[in-house]
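Some notes on the structure that comes next.
The values are calculated or read from the model by the stated rules, or taken from the named source; none is laboratory data. Everything numeric in this text was worked out from a predicted model, so none of it was measured. Neighbour counts run over all protein chains shown; Cβ positions are idealised from the backbone, glycine included.
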Amino acid sequence: MNLKLSALEFVNEVKNGNLSAEDFVSATIERIKKIDGTLHAFLNVNKKAVEQAQLVDKKIKSGKKVGSCFGMPLSVKDNICIKHSKTTCASKMLENFIAPYDATVISKLKEQDAVFVGKVNLDEFAMGLTTEFSAYGPSKNPWNPDYVPGGSSGGSAVSVSAFECVASLGSDTGGSVRNPASFCSVVGFKPTYGLISRYGLISYANSIEQIGPITRTVKDTAFFLNILSGLDPNDNTTINSGNQDFLDGIELGIEGKKIGIIQEMIGEGIDPAVLSATNEAVSKLEGFGAKCETISIDMVKYSVASYYTITATEAGSNLARYDNLRYGYDFPVEGFEFNSYISKARTKFGPEVIRRMILGGFVPSSGHAGKYFLKALKVKSKLTKEVLEAFKKYDYLVAPTVPILPFKIGEKIDDPVALFLVDINTVLANLTGVPSISVPFSISNGLPIGIQLLAKPNDDKSLLKAAYSLESTVKLPDVPI
Amino acid sequence: MVTEEEIEQVSKLMKIDVHDHKEFVEKVHSMINYFDILDSAGVEDEEFTIKDLPLSCLRSDKHIPYEEKLIELLKNYKGTFVRAPKMV
């Protein structure tokens with residue numbers, strides 16, 4: 001069984017009768033059993049997946065209308081709710097939490113006959129960029145299991161890269177879809193803020209986070225955007241995408257387009273291999289008739305501090321609900337005073353979550369808000385102005401997705417500020433709400449490098465054209481696992 | 001410069017109790033110190049706006065009944081009542 005099919009290839013094969021959903025899903029489950037002991041992408045596997053695929057096959061055989069996913073096996077980051085199944089956020093705090101409803105993205109995929117093969121690993125409550133902060137242990141990079149797969153949607157990227165599913169859903173608060181996509185050599189997309197509903201995504205920093213697909217190809221991303229985008233009455237931040245067909249015209253090219261290379265993202269601290277890959281990507285884009293030149297976005301230097309200040313503040317608020325009264329686990333109350341009970345119950349949070357909650361209490365607090373939180377909002381506002389100004393001159397912006405190569409597990413875990421700086425190229429899209437995509441571009445010393453493209457808000461469709469052009473220049477080796 | 005005592009006070013107010021207190025305080029301290037970079041951003045005169053959402057854009061305020069079976073997922077329930085922890 002060829003598990004390396006893209007989503008569009010899978011649909012064609014099943015539609016044309018060359019492949020049954022049941023056979024493919026069975027082989028996928030076998031693959032998970034075989035390799036996930038090493039990679040640890042999955043937190044749990046859906047025992048009914050094969051049965052659900054059989055039902056799709058029956059629908060096809062009986063001539064009933066079948067959804068556009070045709071029984072395609074997908075994985076889902078474990079901070080997105082699937083009704084009546086565990087949603088742990090990779091936290092001991094929610095170890096036995098059963099989601100009472102489907103996230104909107106899940107409802108939409110169920111309507112299209114997708115099969116969810118399992119929930120995948122993440123940094124606890126999506127706070128991290130290596131998956132090392134999962135309470136259930138880190139995921140491993142399929143290109144080299146000694147290295148981090150990126151995060152926080154590390155399980156999603158690993159599962160797609162290692163052929164444990166056809167595509168996955170992740171969430172991106174500061175690069176959490178694009179970073180692991182880059183580290184695992186798959187496509188990761190962060191849409192314009194509001195393009196995809198967040199209803200049913202467990203909140204971390206809701207003013208900037210978005211659900212996004214992780215796929216094998218850019219066309220697959222367009223395929224999933226056709227399903228996932230659109231207004232949702234349960235999420236008032238959603239925007240009307242006007243029923244766009246994101247696949248339509250994706251091959252039209254980028255001739256005559258102007259592309260800005262963000263100077264601050266290729267400067268100090270960049271790995272020489274990443275810089276070389278970026279220069280090569282720029283040459284390839286120029287080869288399609290695009291005009292590329294370097295631009296400066298001054299506020300990029302302050303974006304990481306702004307990002308962590310804002311997200312910590314929102315995390316402090318969003319995670320306040322985990323007091324073991326409304327959500328939590330079995331923990332007897334006898335012998336505790338009210339505040340000490342909550343403090344004790346919260347010791348189930350992992351270290352990174354605790355750090356960010358403390359930060360989230362500190363930076364907006366009376367006496368400190370002016371120095372930290374309000375200044376962070378002002379940086380966000382100025383950064384947005386600078387980026388929108390840049391898009392008056394350029395159609396796209398380009399930079400490496402991550403300025404360094406994947407690093408070894410444990411290498412940076414004790415240095416939170418060093419970890420902060422890994423996010424420097426990705427947080428811009430979240431702070432400004434613009435769409436951004438990471439395209440697999442190169443392999444250096446056996447480790448992947450992704451290139452990031454950005455477009456102005458609501459120009460997601462145009463962005464996919466540029467990403468498709470770049471992708472079409474690349475032929476990368478298969479993952480060695 | 002933030003003091004470690006200030007961080008300890010915030011942890012207490014956030015109802016967060018950590019075993020390895022010194023290590024947590026040191027790491028949070030280094031994170032907050034990094035945020036001092038915001039002082040050199042020169043954004044003092046910058047305005048920031050918060051997007052207003054008119055009421056007409058919000059979903060209608062209709063009661064959506066929950067699925068009765070959900071209560072069965074809870075451990076401490078009797079009929080349609082759920083037992084919550086008794087707090088002092």
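Residues in the range A:27-38 that are within 24 Å of residue A:223 (Cα to Cα) and in contact (Cβ under 8 Å) with a residue 60 or more places away in the chain were compared, and the one that is surrounded by the fewest Cβ atoms within 10 Å (Cβ to Cβ) is A:29.
Residues checked against (1) at the interface with another protein chain (Cβ under 7 Å from one of its Cβ atoms); (2) without any contact (Cβ under 8 Å) to a residue 24 or more places away in the chain:
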{"residue": "A:318", "(1), (2)": "no, no"}
{"residue": "A:336", "(1), (2)": "no, yes"}
{"residue": "A:348", "(1), (2)": "no, no"}
{"residue": "A:359", "(1), (2)": "yes, no"}
{"residue": "A:373", "(1), (2)": "no, no"}
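A quick yes/no check of all residues on (1) under 16 Å from residue A:41 (Cβ atoms); (2) modelled with pLDDT of 95 or more; (3) surrounded by fewer than 23 Cβ atoms within 10 Å (Cβ to Cβ):
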| residue | (1), (2), (3) |
| --- | --- |
| A:144 | yes, yes, yes |
| A:153 | yes, yes, no |
| A:163 | yes, yes, yes |
| A:230 | no, yes, yes |
| A:245 | no, yes, yes |
| A:250 | no, yes, yes |
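Of the residues A:162, A:135, A:126, A:167, which single one is touching a Pro at 6+ places or on another chain (Cβ under 8 Å), farther than 20 Å from residue A:444 by Cβ and aliphatic (A, V, I, L, M)? Only one candidate qualifies: A:167. Only one entry in A:301, A:258 is basic (Lys, Arg) and touching a residue at least 60 places away in the same chain (Cβ under 8 Å), namely A:258.
The residue list A:1, A:72 contains one member that is modelled with pLDDT under 95, of a type outside the set (D, E, K, R) and either over 24 Å from the mean Cα position of the chain (by Cα) or farther than 28 Å from residue A:325 by Cβ (or both), which is A:1.
Each row is one residue, and each column tells you yes or no for (1) within 22 Å of the chain's Cα centre (by Cα); (2) within 30 Å of residue A:144 (Cβ to Cβ).
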{"site": "A:39", "(1), (2)": "yes, yes"}
{"site": "A:46", "(1), (2)": "yes, yes"}
{"site": "A:49", "(1), (2)": "no, yes"}
{"site": "A:55", "(1), (2)": "no, no"}
{"site": "A:58", "(1), (2)": "no, no"}
{"site": "A:96", "(1), (2)": "no, no"}
{"site": "A:101", "(1), (2)": "yes, no"}
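Residues that are away from chain B (no Cβ under 14 Å), under 29 Å from residue A:351 (Cβ atoms) and in contact with a Cys (Cβ under 7 Å, 6 or more places away or on another chain) within the range A:70-121 comprise A:75, A:78, A:79, A:103, listed in sequence order. All of A:92, A:65 fail the test of being under 30 Å from residue A:421 (Cα atoms), among the charged types (D, E, K, R) and surrounded by fewer than 20 Cβ atoms within 10 Å (Cβ to Cβ), apart from A:92. Under the condition of being part of a loop (DSSP other than H, G, I, E, B), buried (at least 24 other Cβ atoms within 10 Å of the Cβ) and either β-branched (Val, Ile, Thr) or on the phi < 0 side of the Ramachandran plot (or both), the residues counted in the range A:68-80 number 4. Here A:283, A:276, A:296 are screened, and the one residue that is surrounded by fewer than 19 Cβ atoms within 10 Å (Cβ to Cβ), of a type in the set (Gly, Ala, Ser) and within 26 Å of the chain's Cα centre (by Cα) is A:276. Of the residues examined, residue A:240 is not one that is surrounded by fewer than 22 Cβ atoms within 10 Å (Cβ to Cβ), polar (S, T, N, Q) and touching a helix residue (DSSP H, G or I) at 6+ places or on another chain (Cβ under 7 Å).
Among all positions in the range A:165-182, there is at least one residue which is over 18 Å from residue A:478 (Cβ atoms), buried (at least 24 other Cβ atoms within 10 Å of the Cβ) and among the acidic types (Asp, Glu). Taken together, the residues in the range A:402-436 that are of a type outside the set (A, V, I, L, M, F, W, C) and within 14 Å of chain B (Cβ to nearest Cβ) amount to 7.
Being assigned to a helix (DSSP H, G or I), out of contact with any strand residue (DSSP E or B) (no Cβ under 6 Å at 6 or more places or on another chain), of a type outside the set (D, E, K, R) and free of Cβ contacts under 8 Å to residues at least 40 places away in the same chain is a description that applies to residue A:340. For the range A:39-60, does any single residue satisfy the condition of being surrounded by fewer than 15 Cβ atoms within 10 Å (Cβ to Cβ), small (Gly, Ala, Ser) and either in contact with a strand residue (DSSP E or B) (Cβ under 8 Å, 6 or more places away or on another chain) or modelled with pLDDT of 95 or more (or both)? Scanning the range A:39-60, I find no residue that is surrounded by fewer than 15 Cβ atoms within 10 Å (Cβ to Cβ), small (Gly, Ala, Ser) and either in contact with a strand residue (DSSP E or B) (Cβ under 8 Å, 6 or more places away or on another chain) or modelled with pLDDT of 95 or more (or both), so the answer is no.
Does residue B:60 satisfy the condition of being more than 30 Å from residue A:298 (Cβ to Cβ), more than 9 Å from every other protein chain (Cβ to nearest Cβ) and of a type in the set (Ser, Thr, Tyr)? Against the criterion (more than 30 Å from residue A:298 (Cβ to Cβ), more than 9 Å from every other protein chain (Cβ to nearest Cβ) and of a type in the set (Ser, Thr, Tyr)), residue B:60 does not qualify. Candidates in the range A:264-273 are the residues that are exposed (fewer than 15 other Cβ atoms within 10 Å of the Cβ) and on the phi < 0 side of the Ramachandran plot; of these, the one that is modelled with the highest pLDDT is A:272. Among residues of the range A:95-120 being small (Gly, Ala, Ser) and surrounded by fewer than 24 Cβ atoms within 10 Å (Cβ to Cβ), the one that is modelled with the highest pLDDT is A:107. Screening B:48, B:24 for residues that are within 8 Å of chain A (Cβ to nearest Cβ), within 21 Å of the chain's Cα centre (by Cα) and not charged (D, E, K, R) leaves exactly one candidate, B:24.
Scanning the range A:251-259 for residues that are of a type outside the set (Lys, Arg), more than 30 Å from residue A:106 (Cα to Cα), in contact with a Phe, Trp or Tyr (Cβ under 6 Å, 6 or more places away or on another chain) and part of a strand (DSSP E or B) turns up at least one hit. The set of residues in the range A:14-26 that are buried (at least 17 other Cβ atoms within 10 Å of the Cβ) and either in a helix (DSSP H, G or I) or touching a residue at least 24 places away in the same chain (Cβ under 8 Å) (or both) comprises A:14, A:20, A:21, A:22, A:24, A:25, A:26.
Looking across the range A:194-215, the residues that are surrounded by 23 or more Cβ atoms within 10 Å (Cβ to Cβ), part of a loop (DSSP other than H, G, I, E, B) and of a type outside the set (D, E, K, R) come down to A:195, A:197, A:200, A:202, A:204, A:205.
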